[in-house]
Amino acid sequence: MFAKRDLTQGSIPRGLLGFALPLILGNLLQQLYNLADTWVVGRFIGEGALAAVGSSYTLMTFLTSILLGLCMGSSVYFSIQYGRQDPDRLRNGIFQSFLLIGGLTLLLNLTVYLALDGILVLLQIPPDILGLTKEYLQWVFAGMAATFLYNFFANLLRSVGDSATPLVFLGISVVLNIGLDILFVVPLGMGVRGAAMATVIAQFIAGLGLFLYTWFAFPALRVQKRHRYWDRAALKNLLNLSLFTCLQQSVMNFGILMVQGLVNSFGTAVMAAFAVAVKIDTIAYMPVQDFGNAFSTFVAQNYGAEKRDRIRTGTHWAVFWVVLFCLVIGGLVCLLAPRLMAAFVGGDAAEVIAIGTGYLRIEAAFYLGIGILFLLYGYFRAVNRPAVSVVLTICSLGTRVLLAYTLSALPALGVNGIWIAIPIGWFLADATGILLWRREGKSAKTP
């Protein structure tokens, strides 16, 4: 269907943009999974159900981030071996990482089912929507295996330069998800359970479909019998990349989860506003996050090929594109925030629209902070220093959580204190990351 892309050759700006664009479109489509639930639930069930799905979204994002982090970390190893033109190490890495991440997925799935009641208490779910939230989560947790399959094979294909194929399968899955959402919730009246079932079915279509495509279309990536062994050195490298990237992703989303608990303490209207606004916000800056991931693959391939000058040039281009995008999209979100909120909750929900508009305008004005942060994450991960990304994440999220609880307690700020804390955390992490990057740049081991 699509050819592999060697990012160690050819035009750097065209190569980066050509590789990043399908990645960006794919992740935007992936956000439509829960966005479809939000739209259908908000329009056809009610505000309580919307708050339940919204708080569930934050938890599911945290859990997905664990699997995504493991898969992203492994893909850096794949990209480095691809850049070194070492197919045997690449296939052995596929074998070891698939078994490792697959086993952890099963363990995580079992754990969340057993700990669900305790999780709901931690999230401070109001009693009036506790039943709806639990029902939604019980069904949506069934899709964790599908999430693993899709993200593993999507990251594998991206590591060898194919960012377009995952987009195709995800597009099919999203269309199916939206159709099933409407079918299960509107004419069949299945409520939040129907919305969760639609998401799970669509996820399995994407995951299984991408696995079968990779097997048949990329014979060079098939693991043969001679590659099925445990290599201690390779496993150590995979674990280092995967677990640190997983830690970075999960710490980032755990901090958001802690903020969700604080948001929930302000009541159902704030919960509903946050449920919608955080999705709009995530979709708005998602392209720079994906560009950071594309930049990471570019750096990893060239790091494996030892092309340091190419990495320097690519870094300059990446900063240019991210700054341009953040300024444009941030301005649009600030301008259109009330209309974006009204599109999901209806024009009559004035309080929810006002709260969500305040959140969006504060965050969008400072998107440049998170855009630079995603580039720093991608760079340090690609040059085999994923621990630095964890440090930056802890710096950002620790500041965010501490300030959110502190500022929101001030009567003059209230819930706005939570929103203000977020960009402060971004810029503090940026300053730390740039200082570390400058030090790393002077090392003989890195560009």
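The values are calculated or read from the model by the stated rules, or taken from the named source; none is laboratory data. All values derive from a computational prediction rather than experimental measurement. Here the Cβ is made from the backbone with ideal geometry for all residues, glycine too, and neighbour counts use every protein chain on show. These accessible areas exclude ligands, DNA and RNA; they are computed on the full protein's heavy atoms, side chains included. Shrake-Rupley method; radii C 1.70, N 1.55, O 1.52, S 1.80 Å.
Note on the chain: GNM, Cα springs under 10 Å; of LEU123, LEU324, LEU100, the largest mean-square fluctuation is that of LEU324.
Quick one: length gained pulling LEU122 to ALA387 fully straight, 0.36 nm per residue minus the C-alpha distance?
92.6 nm
Taken over the alpha carbons of segment 216-338 as equal point scatterers, the Debye sum produces base-10 log I(q)/I(0) values at 0.17, 0.18 Å⁻¹ of -1.12, -1.16.
Segment CYS334..LYS236, full-extension length gain: 30.7 nm, with 0.36 nm per residue of separation and the alpha-carbon distance subtracted. Extension gain for GLN9-SER265 works out to 86.9 nm (0.36 nm per residue, less the C-alpha to C-alpha distance). Altogether, the Stokes-Einstein calculation at 4 °C and 1.567 mPa s, with the Kirkwood radius of segment 9-151 over Cα pairs as Rh, returns a diffusion coefficient of 74 µm²/s.
For a modelled paramagnetic label at TRP215, 7 Å from Cα along Cα-to-Cβ, the residues of segment 146-180 in reach, with backbone nitrogen under 14 Å, are 149-150, 153. For HIS316, the accessible area of its heavy atoms, probed at 1.4 Å with every protein chain present, is near 130 square angstrom.
Overall, the accessible surface of the chain at a probe of 1.4 angstrom is composed of carbon and sulfur to the extent of 68 percent.
Given 25 °C and 0.890 mPa s, compute D for segment 339-380 with the Stokes-Einstein relation, Rh being the Kirkwood radius over Cα pairs; round to the nearest whole µm²/s. Walk me through the numbers before you get to the answer.
Values: Rh = 12.0 Å.
It diffuses with D of about 205 µm²/s by this estimate.
What the chain shows is 39 Å² of accessible area per residue, with the surface traced by a 1.4 Å probe over protein heavy atoms. Taking a sphere under 15 Å around the Cβ of MET286 and counting the other residues whose Cβ falls inside, with K and R at +1 and D and E at -1, yields a net charge of -2. A dipole drawn for the chain from +1 and -1 charges on Cβ atoms has a positive end, and of ILE434, TYR77, SER389 the residue lying farthest that way is TYR77. Relative contact order, whole percent, for the chain stands at 24, derived from Cα pairs under 8 Å and 6 or more residues apart.
Among CYS71, CYS334, CYS326, whose mean-square fluctuation peaks in a Gaussian network model of the chain (Cα, cutoff 10 Å)? Result: CYS334 has the largest fluctuation of those listed.
Longest span of the chain, sites excluded, free of trypsin sites (Lys or Arg not before Pro) in DSSP loop with at most 11 other C-beta atoms within 10 Å? In short, 1-441.
Rounded to the nearest 20, the Cβ-based charge dipole of the chain about its Cα centre (Lys and Arg +1, Asp and Glu -1) stands at 1800 debye. Put a dot 7 Å past the Cα of THR406, heading toward its Cβ, do the same for ARG84, and the two dots end up 4.5 nm apart.
Modelled spin labels at LYS225 and THR111, positioned 7 Å past Cα toward Cβ, are 3.7 nm from each other. Across segment 154-219, the convex hull enclosing all Cα atoms gives 68 Å³ per residue. In the chain, the calculated helix contribution to ellipticity at 222 nm averages -29500 deg cm²/dmol per residue, counting -39,500 (n - 2.57) for every DSSP H run with n ≥ 4. A Stokes-Einstein calculation at 10 °C with viscosity 1.306 mPa s, built on the Kirkwood radius of the chain over Cα pairs, returns a diffusion coefficient of 72 µm²/s. Under the criterion of Cα pairs below 8 Å and six or more residues apart, the relative contact order for segment 32-174 equals 36 percent.
Under a Gaussian network description of the chain, with springs only between Cα atoms under 10 Å, the residue in VAL185, VAL121, VAL401 that fluctuates furthest is VAL121.
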